[in-house]
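Asker: The following block contains the structure, expressed as structure tokens.
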Amino acid sequence: MASTSIRAALAADPGVGAGNVLHKLIEHGAPLDGPGMAFDTPVDGFPAWQGLTLGELYHRAAARAAWLHAAGIRRRDPVAIYVTTAADCFLNWMGLTWLGAIPALMNPNIPGDIAAEYIRKLRGVALLADAAHLERLAGHDLGIAVHDVAETGTGDPATAPAPFRHHADDPIAITHSSGTTRMPTAVVHSHASLFHATRRIRLSGPRAQGTERILSALPAPHAAGIMTINHALSNRSDLLFLSRQDDGAAVLEAIERWKPTGVFGFAVTWAELARFDFDQHDLASVSLWFNTGDCAHEPHIRHLVNAGSRNVVTRDGVKRVKGSHFVDGLGSTEMGHSAFHITHRPDTERYGRCVGVPHVFADVALLDTATGKEVPVGAVGHFGLKSPTLAPGYWNDHVNTYRNRLGGYYLTGDLMFRDAEGYYYHVDRAVDSVDLGGGNWLYTAMSEEQILRAIPDVRDCTVVAVTTPEGTVVADVLLSLHAGADPSRDHTEAVRGALSPAVAATLRKVVVFPDEDIVVGPTGKVRKFLMRQRHLAELANA
């Protein structure tokens, strides 16, 4: 059956959801020799970088379903997955959803003590872990069965039970906040919620340019990782999922080696790629960069859209031209999918942390949390969302599930404003913003955007705002410079000039961080937190 017919069949099938795309593809006649998924590490005798066909992917998932079923895993059983590679993460996720179990995907960078406490809070029945993470958990009593993930792929696919029939509300995964800065919050995703956007905007029209061959640099144990897999499978796209995202050189090498048409990542990925002169690399295959999580900064976007190439329709037919598209989609784990969309090209000019307009399925409000009412055009408010993509809540945590809701809206923790044309702009996370009095605020994310736009030498930056013992607010700015920039140059006045007068008045010092000292986290929020903590510790010890 043609891929367009498969996509139409999936879109029309009300039983398709985030937990059964693999099975539904085969049910609707997708060729078994068509695209499945590729990994950057060997798995089950398949070499790294070699794509598994749909049939091979199905059998690898079936082997794990058989093994896990023999180990006593049943429907509704929460099972933690604490592994290093994307292959181990996703193949075991598929095996567990096959059984109707509830996979809890864990960030591989979580320290052992935090991981142990998080696993206990899940109140699950088992843990799947690789050797490195089993060693990290040594000495911790988890009170559940612990299985070496190296064994799960040895099951006999022929003995796998019939796939579980998911209801729309059934949980198909638990993901979490980073866990590298505090105890993770466990977010539940349902069969329907994590597939709604794929059905509404990915399968309802032609396959988007750049999604024919996708390289994912997203964290594997993230909701965005699951969505990317289902997006690629549903659209019959080739997909390579990287296991690491904290090395810009490795991502760039993967692009040159695998020749994707689209690259998916978080904002921190683009900041890392800004280290490199793209004229020295072959990126011609890339026509699409897709961002989610934190919205991206203008200089990083411009660096990307001026690279690659894309098809354009002219009077003389379709031609390939230099330059690519960048789709920005502000999203969080709890949102299930980005609520906004905007596309940048080399010739577009709507920046200033503009995240675009809402998707058709997103009911968006910017709220005054004191009154619960919407703020007027141009005023900053707390972003509230009603959407079928929203996570049902937090696992074993009703307090936080309901604390973050107001007037039927989920409060994402983001601060935004909208303009008279209906475009939305992200200024900061609420926890990072500081009230300066007199109607003035220090928005760290918007301040970082202003600095990056104003000073070409700066590749990335972090604004750290603290309150002194005297009660005054001071801001320190941590700079990462482009290669070739003079690290001894004093950028203080240039930084001051980039900021609003009220924020500039709080400036205490500007510090250049050498590249070797830059903290690279899976998301920009983690990066900012870790750099802030390191800087504050250095100030305390000075």
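No value in this document is a laboratory result; all are computed from the given coordinates. The shown structure was predicted, so the numbers you read here are calculated from the model rather than taken from an experiment. Heads up, the Cβs are rebuilt from the backbone with ideal geometry, glycines too, and the neighbour counts pull from every protein chain shown.
Asker: Under the rule of -39500 (n - 2.57) per DSSP H run of 4 or more residues, summed and divided by the residues of the chain, what mean residue ellipticity at 222 nm is obtained, to the nearest 500 deg cm²/dmol?
Answerer: For the chain, the value works out to -8000 deg cm²/dmol.
Asker: If you average 1/r over all unlike Cα pairs in the range 209-296 and invert the result, what Kirkwood radius do you get in angstrom?
Answerer: Taking every pair of different Cα atoms in the range 209-296, averaging 1/r and inverting gives 12.9 Å.
Asker: When the Kirkwood radius is taken over all Cα pairs of the range 422-512, what Stokes-Einstein diffusion coefficient follows at 25 °C and 0.890 mPa s, in µm²/s?
Answerer: Here the translational diffusion coefficient equals 180 µm²/s.
Asker: What is the mean projected area of the alpha carbon convex hull for the range 334-384, to one decimal in square nanometres?
Answerer: Answer in nm², one decimal: 4.7.
Asker: Give me a comma-separated list of calculated 3J(HN,Hα) values for the range 488-500, in order, Karplus coefficients 6.51, -1.76, 1.60 applied at θ = phi - 60°, integers in Hz, x for any Gly or Pro.
Answerer: Those phi angles translate into 8, 5, 7, 9, 4, 5, 5, 5, 4, x, 7, 9, 5 Hz.
Asker: Ok, one more. If amide hydrogens are placed 1.01 Å from N in the peptide plane, which non-local residues have theirs closer than 5 Å to the one on residue 375?
Answerer: Distant-sequence amide H within range of residue 375: 366, 367, 368.
Asker: Between helix 223-234 and the chain, what is the angle of the helix's C-alpha long axis to the longest principal axis, kept within 0 to 90° and rounded to the nearest 10?
Answerer: 50 degrees
Asker: Something else about it: Two decimals is fine: what's Rg over Rh for the range 354-448, C-alpha atoms, Kirkwood radius as Rh?
Answerer: Over the Cα atoms of the range 354-448, Rg/Rh equals 0.97.
Asker: Measure out, as a whole number of angstrom, how far apart the alpha-carbon centroids of the range 251-274 and the range 486-503 sit.
Answerer: Cα centres, the range 251-274 to the range 486-503: 30 Å.
Asker: Please give the Cα centre distance for the range 369-416 versus the range 127-152, rounded to the nearest Å.
Answerer: Cα centroid to Cα centroid, the span is 36 Å.
Asker: Please give the peptides 53-61, 413-421, 442-450, 139-147 ranked by average Cβ packing (other Cβ atoms within 10 Å per residue), highest first, as a rough proxy for protection.
Answerer: Peptide ranking by packing, descending: 442-450, 53-61, 413-421, 139-147.
Asker: Would you report the distance distribution of C-alpha pairs in the range 82-210 as whole percents per 5 angstrom bin, up to the bin with the largest distance?
Answerer: 2, 9, 17, 20, 19, 14, 10, 6, 2, 1, 0
Asker: With no solvent and one point on each alpha carbon, what is the Debye value of log10 I(q)/I(0) for the range 1-143 at q = 0.21 Å⁻¹?
Answerer: Debye curve over Cα of the range 1-143, log10 I(q)/I(0) at q = 0.21 Å⁻¹: -1.29.
Asker: Relative to the compact globular guide of 2.2 N^0.38 Å, what is the alpha carbon radius of gyration of the range 274-372, as a ratio?
Answerer: The value comes to 1.30.
Asker: Kindly write out, for the range 92-107 in residue order, the coupling ³J(HN,Hα) from the Karplus curve 6.51 cos²θ - 1.76 cosθ + 1.60 (θ = phi - 60°), rounded to whole Hz, with x marking Gly and Pro.
Answerer: Computed from phi, the couplings for the range 92-107 are 6, 4, 5, x, 6, 5, 4, 8, x, 6, 10, x, 10, 7, 10, 4 Hz.
Asker: Just need log10 I(q)/I(0) for the range 394-475 at q = 0.24, 0.26 Å⁻¹, Debye formula, equal scatterers on the alpha-carbon atoms, no solvent, rounded to two decimals.
Answerer: -1.16, -1.21
Asker: Quote the convex hull volume per residue of the range 133-290, based on C-alpha atoms, as a whole number of Å³.
Answerer: Per-residue hull volume (Cα only) is 179 Å³.
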